[in-house]
Every structure is written in structure tokens, then in C-alpha cells.
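The values are calculated or read from the model by the stated rules, or taken from the named source; none is laboratory data. Just so it is clear, the model here is predicted, and its values are computed rather than measured. With ideal geometry, Cβ positions are generated from the backbone for all residues, glycine too; neighbour counts draw on all protein chains shown.
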Amino acid sequence: MSHGAADCRGPEDLWRREDIEGRADSARLRSGGEAEQGDWAAWITGSGGNPSLQDAFGTNFFKYMVYNDAAWDFKTSTADHNVKLADDRMALGLNATDRS
């Protein structure tokens with residue numbers, strides 16, 4: 001089944017508790033769930049001196065998939081350059097282009 005822009009109702013979708021078919025969906029960040037284990041601290045802000053998971057996933061995506069360089073440091077490049085390079089190198093395999 002294909003889902004498009006018509007399936008997205010707006011920013012409130014971030015907080016809804018069901019998927020597009022109306023089934024319970026616990027994968028989204030929950031309103032008021034900032035203090036729950038595995039929510040904001042783990043994914044958004046990091047905790048206990050550890051970076052967030054989105055930082056780890058994003059940094060490692062660029063290190064190992066885009067640059068193929070374990071020593072790559074995001075502080076040595078610009079966002080514009082990184083996005084263009086990621087698109088040039090990874091778009092064919094990662095971008096959703098099949099509208100069927």
C-alpha cells in the first residue's frame with residue numbers, strides 16, 4: 001500500500017497513537033513522554049554524557065556510508081556540502097522515487 005501527502009494530517013501526526021490504518025502505534029514520540037526511558041533522552045537530547053541516538057545514527061551515516069572514513073568529523077565540513085555529497089552518493093539507493 002502506498003501512502004502519500006494525503007495520508008499526513010499535519011504536525012499533530014508526530015503525537016498520534018495510531019498508524020495510518022488506525023492500528024496502535026507505539027513507535028512515535030509520545031506527548032508527555034519526555035521522562036520515559038527510551039524516549040527524548042535517548043533519541044533527542046542524549047543523557048549521562050552520551051550523545052543522542054539520532055546524533056549517533058546521523059554521524060555514523062556520514063562517516064561510514066557517505067564519506068567511507070571512520071575519522072570523518074562533522075565539524076570539519078558544512079551542512080550544504082554534506083547534504084549534496086550524501087545525495088550524490090546515496091540517492092539512488094535511499095531516495096524514495098517509486099510513486100506506485
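Out of all the residues in segment 85-93, is one or more exposed (fewer than 10 other Cβ atoms within 10 Å of the Cβ) and out of contact with any Gly (no Cβ under 7 Å at 6 or more places or on another chain)? I'd like the intermediate steps shown before the answer.
Here is the first cut: in segment 85-93, the residues exposed (fewer than 10 other Cβ atoms within 10 Å of the Cβ) are 92-93.
With the extra rule that they be out of contact with any Gly (no Cβ under 7 Å at 6 or more places or on another chain), the set shrinks to 92-93.
Yes.
Out of A27, A71, which single residue is at pLDDT 75 or above, of a type in the set (A, V, I, L, M), part of a loop (DSSP other than H, G, I, E, B) and out of contact with any Phe, Trp or Tyr (no Cβ under 8 Å at 6 or more places or on another chain)? Show your work before the answer.
Details: A27 fails: at pLDDT 75 or above.
Checking each option against the conditions leaves just A71.
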